[in-house]
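**Student:** Sending over a structure as structure tokens; questions will come in a sec.
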Amino acid sequence: MVGMDRTDMLLVRELVRDGRARISEVARRLGVPRTTLMKRLERLIERGVIRGFRAVVDPKALGYRYLAFILVKARRGEGGGSVSSQERLVRRIVEDCRRLELMPWIEEAHIVTGTYDIVLKVWAREWDELTRFLIVQLPRYRELVETYTMLVLLTPLEGEPPPVKPRR
């Protein structure tokens with residue numbers, strides 16, 4: 001929120017609600033000139049406050065039937081410059097899943113604190129895809145010490161945008 005005033009926050013809130021909203025309509029609702037909002041939008045994009053616009057697609061509509069969170073414990077090693085060994089491992093796993101056939105889609109990867117080092121959010125189309133990933137692909141990584149897999153039964157909340165509360 002550093003360097004963002006009330007108008008910036010209101011603009012972000014409107015775009016979070018509807019990323020396809022026309023800037024002229026947002027300007028009308030906020031009572032701000034369209035050109036002013038366009039300049040602000042460009043500045044917010046430049047500063048990385050708004051990272052992009054995209055369609056949010058339901059993975060199940062694309063045939064992904066199984067969702068799992070996989071916790072990974074990694075062997076600590078030398079980092080490569082500013083990149084930790086955990087981050088290098090994540091990059092290799094993700095790239096291999098993209099490159100190899102019949103591998104799941106890794107939607108998210110996080111380096112975390114605690115007993116495990118990495119959390120992967122993994123979608124699979126078929127049960128065999130997830131099984132192959134867990135018992136054939138993952139053990140190939142020397143740095144990987146242990147995994148713990150949680151299958152998702154229900155998802156009551158997902159993709160909730162951050163709260164955008166304008167200053168008064």
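Taken together, the values in this text are just the output of simple stated rules run on the coordinates, not laboratory data. Only a predicted model underlies this, so the values are computations on that prediction, with no experimental measurement involved. Here the Cβ is made from the backbone with ideal geometry for all residues, glycine too, and neighbour counts use every protein chain on show.
**Student:** What's the total number of residues in the stretch 39-53 that are in contact (Cβ under 8 Å) with a residue 12 or more places away in the chain and exposed (fewer than 11 other Cβ atoms within 10 Å of the Cβ)?
**Tutor:** Result for the stretch 39-53: 1.
**Student:** Restricting to the stretch 100-137, name every residue that is aliphatic (A, V, I, L, M) and in contact (Cβ under 8 Å) with a residue 40 or more places away in the chain. Walk me through how you get there before you give the answer.
**Tutor:** First, the residues of the stretch 100-137 that are aliphatic (A, V, I, L, M): 100, 102-103, 106, 109, 111-112, 118-120, 122, 124, 130, 134-136.
Matches in the stretch 100-137: Ile118, Val119, Leu120, Val122, Ala124, Leu130, Leu134.
**Student:** Which count do you get for residues in the stretch 54-70 that are under 16 Å from the mean Cα position of the chain (by Cα) and either on the phi > 0 side of the Ramachandran plot or surrounded by 11 or more Cβ atoms within 10 Å (Cβ to Cβ) (or both)? Don't jump to the end; show me each part of the working.
**Tutor:** Going through the stretch 54-70, the residues under 16 Å from the mean Cα position of the chain (by Cα) turn out to be 54-59, 67-70.
Filter again for either on the phi > 0 side of the Ramachandran plot or surrounded by 11 or more Cβ atoms within 10 Å (Cβ to Cβ) (or both), leaving 59, 67-70.
Here the count works out to 5.
**Student:** Still on this structure: Among the residues that make up the stretch 71-85, is at least one of them among the aliphatic types (A, V, I, L, M), touching a helix residue (DSSP H, G or I) at 6+ places or on another chain (Cβ under 6 Å) and more than 30 Å from Val16 (Cβ to Cβ)?
**Tutor:** yes
**Student:** I would also like to ask the following. Take residues that are in contact with an Asp or Glu (Cβ under 7 Å, 6 or more places away or on another chain) and tell me which of the strands (runs of 3 or more DSSP E) falling wholly in the stretch 42-128 contain 2 or more.
**Tutor:** Ranges flagged: 66-74, 118-124.
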